[in-house]
1. Specify whether the C-alpha gyration tensor of the stretch A:1-76 places it in the rounded, prolate or oblate class, a ≥ b ≥ c being the square roots of the eigenvalues: rounded for a/c under 1.5, otherwise prolate if a/b is larger than b/c and oblate if not.
2. Once amide H atoms are built 1.01 Å from N in the peptide plane, which residues 5 or more positions from B:V327, or in another chain, come under 5 Å H to H?
3. Roughly how large, in nm² to one decimal, is the mean projection of the convex hull of the alpha-carbon atoms in the stretch A:119-225?
4. Taking the Cα centre of each part, how many Å lie between the stretch A:77-138 and the stretch B:182-242?
5. So what is the diffusion coefficient of chain A in µm² per second by Stokes-Einstein at 37 °C and 0.692 mPa s, using a Kirkwood Rh over Cα pairs?
6. Averaged over A:85-95, how many beta carbons belonging to a partner chain fall within 10 Å of each residue's beta carbon?
7. What distance in nm lies between label points placed 7 Å from Cα along the C-beta direction at B:K144 and A:V121?
8. May I ask for the accessible area buried between chains B and A, both sides summed, probe 1.4 Å, to the nearest 100 Å²?
Amino acid sequence: MKNQNKFAGQVVGLIKTLAIPVAVYLLFGILSGGRMFNSRAMITVLRQTIQPSIICYALLLGMSIGMMNFSAGAFVTCAAIMGNGLSNLLGWGLPGLVFFAIVVSLACSAIMGLLYNWLRVPCMVLSLGLMLFFESLPRFFFPGGAVISTQDAFLARQPWCFVVMALVMVLFYIIYNKTPYGHNIRAIGANQSVALAAGLNLDKIKFTNFIVGGFFLGVAAVLYMSAQGKVQNVSALGSMAVMMDGFMGVFLGMLLARWSDPSIAVFCGVLTMKILANGFVAVGLESTWKDVVTGLFMLVIMAISENATLPAKRKADRLFAAQANAERAW
Amino acid sequence: MKKIIALILTLTLLLALTACGASGSTASTAETTQAATAADGKGTSIAADGSVITNYDKATVQTDKELPKFRILVLYNSFTDKLGSQYKSSMEYIAEPLNIDFTFLETGSSGDEAMAAIEAALVSGYDGCIGTVASEARAALFDKAGVPYVVCGGMPSDETQAKAMASYENYLGSVVVDDYAAGYAMAEALYADGCRNVMWDGLSRGYSGQHDARAAGFADGVASHDDMKLIVENWDYTQWADGIATAAATYPELDGVGCTCLMANIYNTIESEGLVGQVQLAGIDVSEGTGRAFENGSLSYIAGGNYACEQICFAVLYNYLLDGTRVIADPTVNLTLNNINLSSLEDYNNYIKYLDSAVPAYTAQEILDMTHYVDESFNAEKMTELCKAYSLEDVIARHADLVQ
């Protein structure tokens, strides 16, 4: 009985999680005259959701403990260019790209983690500075960027991209829910003071958090390189464009995580943003309107999220006030 | 903690040793599509570090008197991408024979940083400058420094700005490729290949005059055919490849795409989405993947050869430096250079052979022939005619004996 209730609760939670992306999909499907109601359109959206979702997993790990990382995009471009460049130099092909992209991303994350613990600078500030550094770093080694051959770029294509996504999703689920590290970041996220009092080593956990996030960003870099075919060096915050889809999706994912596991919620959050973006193409509206609507959509979602408990709180306050008045009158 | 740090440092050390110890392009998996007849090591290729390098044969000119020496500053975002590499190499090609001392300054993409870098560079003293940004601020900067300035590939955003720039004595004008004609040609090529339901995939409106001109040309080209329709448009800053994938999924009748800039990921998308044979491409900028796209039949048209703009700009500047002659008569009106139009694999191979091999679009002698050093009657009208004559056939005719 208990297991049945738990299962039913999970199903209801999953339905609630899927409600927003399904609603957005239905809206744009109707607005586009039914053009989005076909399997190819859905598969296209799902495929485009994968790389930003993996970036989103890395961002979520940080934001779970109050660390906002604006340099995720820079890590991805740096790892993509340097990973592919090193692989090309050695002739290692795709395995080389995977290996070096993850290693580079881990190295970047380790540097950030060490600096964070050493300098005690807010993560947001540190990440802005390091973003400029890691955007520029590949230029010293590979000034022309990186180019990948078509036969090595298959990971960004179906069905391989879905295989990668499934593996990453399972890995994130295990890390977040079944490891001491995952337990610790949830504890810190719930109440850092209590976690500290309980004896958790915050510096070590936060450093580990950077490393784990760096692994996901390395995987995202492989997919980014495979999808783009050619990645050029960026500068002056150009890497923000790489992480923006994930960045928007993480906020929605955090809202949806109330009803289901973050591994699913994050994917659904990014999926919603991608449906929004694709819907505008299907409907024929310009990207300027897309940016405006996306911003407003996020404001509405965050307003609902932050104020979700407000009606209940006001009701409780009214009851308390009524009780106090009644006691006073008596 | 210490173990993790040690592991990371070890991996970083391994990384550095790998990068330092690896030799050149021994096993690069990057594609470089070259025509079979292109000379080894000549033209544009991708180095092992990903940078684009362009090599030309040594240039010579016939002259009976010493050419005056000039110091010229050349500005661009980055000289490591394909167009930047061609800009730089086409200038280095003429440096020695024409007695020019070029300085190449990468200005990046930030306007403020670029202005600061240019101001610092101008302290060194230059006789002229070729840049790519057409703005009143730049025109004022160079006018204040007393340095003649000509713009390559960029143009004032509107008539008001054009007039404002022209008010500065040292602003010589802008040389641009005919983007409208390129856009129109894209639509015509798609129509010729049987496309009737097409898409425009381009840069957000208002962001760039050149891209807007391409879009306008494409729209007019589509409108010129009663049985051709523009069924979907994607105006975005970066998501052009995704836009094509989405459009193909939601508009199954889509059979052609006009794209403002055909990058590698667009060719990848056409292949990965299984659109080869279903959707034809037409666009701008020869790049990696262009040859393969012509080979698999997914590309109907591409416009390239833009780097010749830089050579024309040099001729404009050189004439002014020689004796004050302005070969752009009215700086408010852009000097328009034709595009190199490629519609087949044969065209592409000829492009590689004649425009991307041992000799650039104009030889050093041909550039000198555009100036008062050789032809004192050369004027704005002749320059305009020369630019209108620029084409693949024109280059083949001029360089048939020079390229093997």
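1. Cα axes put the stretch A:1-76 in the oblate bin.
2. Correct list: empty.
3. Projected over every direction and averaged, the Cα hull of the stretch A:119-225 covers 9.0 nm².
4. Each part reduced to its Cα centre gives a spacing of 38 Å.
5. It diffuses with D of about 154 µm²/s by this estimate.
6. 5
7. So the label points at B:K144 and A:V121 sit 3.2 nm apart.
8. Chain pair B/A: roughly 4500 Å² of buried accessible area.
The values are calculated or read from the model by the stated rules, or taken from the named source; none is laboratory data. Keep in mind the model is a prediction, meaning the values are calculated, not measured. Heads up, the Cβs are rebuilt from the backbone with ideal geometry, glycines too, and the neighbour counts pull from every protein chain shown. What goes into the accessible areas is simple: the full protein's heavy atoms, side chains included, and nothing from ligands, DNA or RNA. Shrake-Rupley method; radii C 1.70, N 1.55, O 1.52, S 1.80 Å.
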